[in-house]
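Engineer: The structure follows.
The values are calculated or read from the model by the stated rules, or taken from the named source; none is laboratory data. Everything numeric here is computed off the predicted structure, so don't read it as measured data. Don't worry about glycine lacking a Cβ; one is built from the backbone with ideal geometry, like all the others, and counts go over all protein chains shown. Please note that ligands, DNA and RNA were not included when accessible areas were found on the heavy atoms of the full protein model with its side chains. Shrake-Rupley method; radii C 1.70, N 1.55, O 1.52, S 1.80 Å.
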Amino acid sequence: MLRVTEMFRSIQGESTHAGRPCTFVRLTGCPMRCVWCDSEYTFTGGEHFSIDSIMDQVRAFGVNLVEVTGGEPLAQKEAFKLIERLCNDGFDVLVETGNYVSTEGLDPRAKVILDIKCPASGEEPRNCWSNIERLRSEMDEVKFVIADEGDWQYAKRVIKEHDLEARTKAILISPVWGEIDLQQLAEWIAGSGLNVRMQLQLHKYIWGPEVRGV
Ligand code: SF4
């Protein structure tokens with residue numbers, strides 16, 4: 001059984017898959033406490049579902065792209081089994097993970113979006129650095145959520161030190177909603193000389209900043 005906060009169909013709001021129809025399976029619980037977290041409603045509650053019943057719901061949505069997210073989806077051990085089942089059924093599976101739990105043992109067909117925590121999140125010391133060794137350049141993406149200039153300097157350093165331009169399909173630079181001037185961030189990115197991409201959370205522009213999920 002897995003504890004699930006919500007399952008729904010929408011469009012993907014982030015990553016190189018932004019704009020695509022996508023089913024979201026949002027698992028409950030997270031061991032992290034990022035100060036700017038916009039998903040605190042996932043920390044508690046949720047309902048228990050068997051993997052079979054999750055699969056039935058996902059099939060009923062009729063969308064090939066499925067994101068398993070949270071909270072921290074990999075904090076529930078059975079999530080690894082769910083991801084394998086989704087891959088077996090031919091879904092294009094994205095796993096958005098906060099880089100605290102090891103991705104070792106994850107089905108290799110699933111695409112990882114690794115959210116590397118920057119200092120202003122308050123959770124940077126808990127990054128699981130071995131996850132970077134497992135990134136596949138043809139399919140995996142990393143994300144840095146930027147709250148201030150210190151975060152941007154940190155992201156640049158990590159990108160260079162870990163050669164992330166070579167190790168990943170994409171490096172996503174995402175502003176904390178309402179915390180940082182978007183034009184300023186765009187200027188930093190444009191002048192960085194790095195192969196990164198600024199991403200805005202598409203769903204918040206469509207449905208507003210309070211929208212749950214997506
Ligand atoms: S890892 Fe994600 S869900 Fe967990 S506290 Fe940080 S932003 Fe929130």
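Engineer: Taking a cut-off of 16 Å between Cα atoms, list the lysines near LYS111, but don't count ones fewer than 8 places away on the same chain.
Structural biologist: LYS81, LYS143, LYS169
Engineer: Restricting to Cα pairs below 8 Å that are 6+ residues apart, what does the relative contact order work out to for the chain? Please round to a whole percent.
Structural biologist: 18
Engineer: Among ILE180, ILE173, what's the order by accessible area (1.4 angstrom probe), most exposed first? Please report the intermediate quantities before stating the final value.
Structural biologist: Working: ILE180 25, ILE173 0 Å².
Largest accessible area first, the residues go ILE180, ILE173.
Engineer: Nearest 20 debye, what's the magnitude of the dipole of the chain about its Cα centre given +1 on Lys and Arg Cβ and -1 on Asp and Glu Cβ? Before the final figure, lay out each step's value.
Structural biologist: On the way: 24 positive and 33 negative charges, 72 e Å.
With Lys and Arg at +1 and Asp and Glu at -1, about 340 debye.
Engineer: Which of the chymotrypsin sites (Phe, Trp or Tyr not before Pro) found in region 119-214 are loop residues per DSSP with 15 or fewer other Cβ atoms within 10 Å of their Cβ?
Structural biologist: Answer by residue number: TRP129, TRP177.
Engineer: Moving on to the next point. With charges set only on the Cβ (+1 for Lys and Arg, -1 for Asp and Glu), what does the dipole of region 79-142 come to about its Cα centre, in debye to the nearest 20?
Structural biologist: Details: 8 positive and 13 negative charges, 29 e Å.
The dipole magnitude comes to about 140 debye.
Engineer: If you don't mind, there's one more thing I want to ask. Once the whole set of protein chains is in place, how much accessible area is left on GLU47, using a 1.4 Å probe, in Å² to the nearest 10?
Structural biologist: 120
Engineer: Follow-up question, since we're still on this one. Nearest-5 percent of antiparallel DSSP beta bridges in the chain?
Structural biologist: Numbers: 10 of 34 bridges.
Roughly 30 percent of the beta bridges in the chain run antiparallel, per DSSP.
Engineer: Pick out, in residue order, every one of the trypsin sites (Lys or Arg not before Pro) in region 71-160 that is DSSP loop and has at most 12 other C-beta atoms within 10 Å; say none if there are none. Present the calculation step by step, with values, prior to reporting the outcome.
Structural biologist: On the way: sites: LYS77, LYS81, ARG85, ARG109, LYS111, LYS117, ARG126, ARG134, ARG136, LYS143, LYS156, ARG157, LYS160; in loops: LYS77, ARG109, LYS117, ARG134, ARG136.
Answer by residue number: LYS77, ARG136.
Engineer: Now for a separate question. Counting only heavy atoms of protein chains, what accessible area per residue, in Å², does the chain have with a probe of 1.4 Å?
Structural biologist: Values: 9420 Å² over 214 residues.
Here the residues of the chain average 44 Å² of exposed surface.
Engineer: Oh, and also: Using a 1.4 Å probe on the protein heavy atoms only, what accessible surface does ILE113 show? Give it in Å² to the nearest 10.
Structural biologist: Approximately 10 Å² for this residue.
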